[in-house]
Amino acid sequence: MRRAAAASLLSLALVCGARAGEVPGATIVLEADPGTPGSDPSGAPPRFVLMKDGQVFVGGTERLEAGRLDKVEAAALEKRVDAVRRLRLSSPVALGGDASRTARLHLLDGRPLEIVVNGDPARATPALAPLASLVTDLLRYHHPSLRPYAPASYAMTVREGRTVGGCRPWAFAFPIADALAGPRTVTADEAKGWPTGARPASVCADGSGPSTTASRHYIVTLRPLLPGERP
């Protein structure tokens, strides 16, 4: 039981850390741990984003797709959001089942509401059906207009740590110490050849500071940024 609770807290912390900024113009944002082996949630793109103009983004482990909903489709989603708001839930919400499964739903049109959802939507009680069905559908959202999205920039995060396998050298123009200080933006050109999204890169580089005498190991993630988004 304690292990499950600890896993839930760790997953939540990583999902929270993945989104330091906001998506300008978004009305619905869903974030979730990608759950793929070896993935790092700190680099994961959002699973679903709906913008005020009907543009929609759907994310996977590494990449994003972009499309557009018509007014009827967008209104249908907003109607479901209204049903969730009427539940007057206190966050976090436990749905039942595996507590390590964590998602974060941001409802941003009007009064902002953030709901952390723990567990399996299929195990939710009937009273939570509007929330569970919305999260389920957004996690596997598909629309015929979706096409691959090429981000102009990425949010880089760096922390000390190791991953399985070898490591690559630090190849960016700025010192790794600058990236350790906090998330920073890198262009798509700078990110060429590097894993993106929740696929982390393992880096070996000299640390900074007078006490450093040996190469250190770092985990680097590059999260795709949406238009107008900052790390």
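Assorted remarks:
- Going through (1) surrounded by 13 or more Cβ atoms within 10 Å (Cβ to Cβ); (2) in the same structural domain as G67 (by TED's automatic domain parsing) one by one, A198 falls short only on (2).
- Number of the condition not met by S153 [criteria: (1) in contact (Cβ under 8 Å) with a residue 60 or more places away in the chain; (2) over 16 Å from G59 (Cβ atoms); (3) within 19 Å of the chain's Cα centre (by Cα)]: (2)
- Within the stretch 17-66, the set of residues being assigned to a loop (DSSP other than H, G, I, E, B), at pLDDT 90 or above, out of contact with any Pro (no Cβ under 8 Å at 6 or more places or on another chain) and not small (G, A, S) comprises P46, R47, K52, D53.
- Selection of the stretch 88-119 for residues being of a type outside the set (K, R), surrounded by fewer than 14 Cβ atoms within 10 Å (Cβ to Cβ) and either more than 18 Å from the chain's Cα centre (by Cα) or on the phi > 0 side of the Ramachandran plot (or both) yields S90, S91, G110, P112.
- Of residues in the stretch 159-186 being under 16 Å from G43 (Cβ atoms) and of a type in the set (A, V, I, L, M, F, W, C), the one surrounded by the fewest Cβ atoms within 10 Å (Cβ to Cβ): L180
- Candidates V93, V158, V116, filtered to the one that is in contact with a helix residue (DSSP H, G or I) (Cβ under 9 Å, 6 or more places away or on another chain), assigned by TED's automatic domain parsing to the domain that holds V186 and at pLDDT 95 or above: V158
- In summary, L77 fulfils each of the numbered conditions (1) surrounded by 17 or more Cβ atoms within 10 Å (Cβ to Cβ); (2) in contact with a Pro (Cβ under 8 Å, 6 or more places away or on another chain); (3) over 21 Å from R223 (Cβ atoms); (4) of a type outside the set (F, W, Y) with the single exception of condition (2).
The values are calculated or read from the model by the stated rules, or taken from the named source; none is laboratory data. No experiment lies behind these values; they were computed from the predicted model shown. Here the Cβ is made from the backbone with ideal geometry for all residues, glycine too, and neighbour counts use every protein chain on show.
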